[in-house]
Amino acid sequence: MRYAYMKYIHRGSIEKKIGKLFLLLLFICNADPVRGQSITDSLTAALTTQYQQNGFPGFSVSIVNSDSILYEHAFGFADIEKNIPYTTTTVQPIASISKLFIGMAVMKAIEQGLFTLDTDINSILPFKVKHPYAPEIPITLKHLVTHTSGITDNPAAYKKTYLYNTPLQEDNPIYSLLKSKGYGAKGQDTTLAAFLQAYLSVSGAYYSNNNFDKAAPGKRYEYSNIGSDLAAWLIELKSGISFARYTQQYILQPLQMTHTTWSTATADRAKLATLYTGLRVPYPKYSSVTYPDGGLTTSCHELGLFLKENIAGQKGKGKTLTAASYTTMLHPAFSTAYNPKNIDPREPNIGVFYAMKKNGIIGHSGSDGGVTAFLFFSPAKGYGMLLITNTELEGLNGVNKKLLAGFEEVWSTMSHYARKLHPVD
């Protein structure tokens, strides 16, 4: 996830609430297709029934292996008021699943010799970043990609990173509420570089010791959106092009993700979903100054292509990175020699931004205003699943128990059918 009111859900409460679900249900299957129906028809029928019961405005799902998209389908509406159906090519933000694209970009930059995971960030930055509680210990790329840098998300500053698309929807009640609470970027801090300097430089307008954890770099795991953004900016500084352009050239174009962008403001408006609260109140359209940490706007189909590439890469057959890079990116970073505190036992390890669950699955989840997204795959079983919906499981109105239960039912149903689509010996 992201979140400042919004941005803390993904790495916080919703992730914990469904953690047990992932351990129990992901990638298991016992159900048989309804007699006389194909597996895909049976799955579509089951998900259609659940859509009618679960309250999601719209959602899309995909089941993928290293060779193909085995199943993809969409349900409900991209825009309720305009009666526009949600399709597998509908685009919307995917929140913190975006960080997996930072991870892949970091590995591409390493292949190009721009830096290594052991590079001190101060050898690249145009200003110095010093951890106020451990100034003698350098922060490295490895710290950034494993959320152990000590850089934290200070809500007072982080809520300034939201950008509301023009024309402004000032009659939108959610827009009015967020603005009244101080959300929204202002003037000089509306670029990634300017915001990071304002946040991390001791002379910056947003600088505070509260922007850092008291533990030294490498000593404590603390999920950090801003640390993730810093990794993306280092790619900009070393490559000489924007992070958006870099990922477009080295990831999105090679994977034929042609309708994927880093901002809802530049997305195809005809394909762009409206985002909703748990009570189906529409959000104003928004983007983010710190777009790498959660701003990728894509579709179920195109995200399925990315998932397919990850599964292939884990098998040594990827196209966007070398086999060695995939091994590093998807290899557990924590060990007895590198064992930071504050690790969730249900998610005991991490690759290069890739979360690793206790049951061996790899991927990421995402949550933001009007957004819930999940993408995980099982290296042992050779397939993965994703779900994108244009609503939030938790947000302005707290946890929506009906939607949470609906998500659990959908994910469980997908899990039951996935192995039928990709038998494992």
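Here, each number is a calculation from the coordinates, and none is a lab measurement. The shown structure was predicted, so the numbers you read here are calculated from the model rather than taken from an experiment. Backbone-built Cβ (ideal geometry, glycine too); neighbour counts: all protein chains shown.
A few comments on the model shown:
- 0 to 90° range, to nearest 10: angle between helix 401-421 axis and the chain longest Cα axis: 70
- Angle between the chain longest axis and helix 39-54 axis [Cα atoms, degrees, rounded to 10]: 70
- Fully extending the segment from VAL424 to ALA323 would add 34.0 nm, taking 0.36 nm per residue of separation and subtracting the current Cα-Cα distance.
- Length-normalised contact order of region 13-421 in % [C-alpha pairs under 8 Å, at least 6 apart]: 28
- The count of lysine pairs in region 68-222 whose Cα atoms are under 20 Å apart, excluding pairs fewer than 8 places apart on the same chain, comes to 18.
- Applying 1/(1 + (r/R0)^6) with R0 = 25 Å to the Cβ-Cβ distance of THR258 and SER38 gives a FRET efficiency near 0.25.
- A run of the chain free of exposed loop cleavage sites, with GluC sites (Glu not before Pro) counted only in DSSP states other than H, G, I, E and B and at most 14 other beta carbons within 10 Å, reaches its longest extent at 171-425.
- Sorted by Cβ neighbour density within 10 Å, fewest at the top, the residues ARG269, ARG346, ARG419: ARG269, ARG346, ARG419
- Phi to ³J(HN,Hα) by Karplus 6.51 cos²θ - 1.76 cosθ + 1.60 over region 160-168, Hz, x for Gly, Pro: 7, 8, 6, 10, 9, 5, 8, x, 5
- Mean separation of Cα contacts under 8 Å, 6 or more apart, over the residue count of region 281-354: relative contact order %: 19
- Taken over region 315-425, lysine pairs spaced eight or more positions apart, or on distinct chains, with alpha carbons under 24 Å apart number 16.
- Grouping the Cα pair distances of region 193-252 into 5 Å bins from zero gives a pair-distance distribution of 4, 16, 21, 21, 17, 12, 7, 2 percent in increasing distance order.
- When only the Cβ of Lys, Arg, Asp and Glu is charged (+1, +1, -1, -1), the dipole of the chain relative to its Cα centre reaches about 520 debye.
- Here is the list for region 142-210: trypsin sites (Lys or Arg not before Pro) lying in DSSP coil, each with at most 14 other C-beta atoms within 10 angstrom of its C-beta, are LYS181, LYS186.
- Cleavage-rule hits, chymotrypsin sites (Phe, Trp or Tyr not before Pro), region 75-149, DSSP coil, Cβ neighbours within 10 Å at most 12: PHE127
- Cα gyration tensor shape for the chain, rounded if a/c is under 1.5, else prolate or oblate: oblate
- Pair LEU237, ILE137: separation of 7 Å Cα→Cβ label points (nm): 2.1
- Chain lengthening between ALA193 and THR116 when straightened (0.36 nm per residue, less Cα-Cα): 25.6 nm
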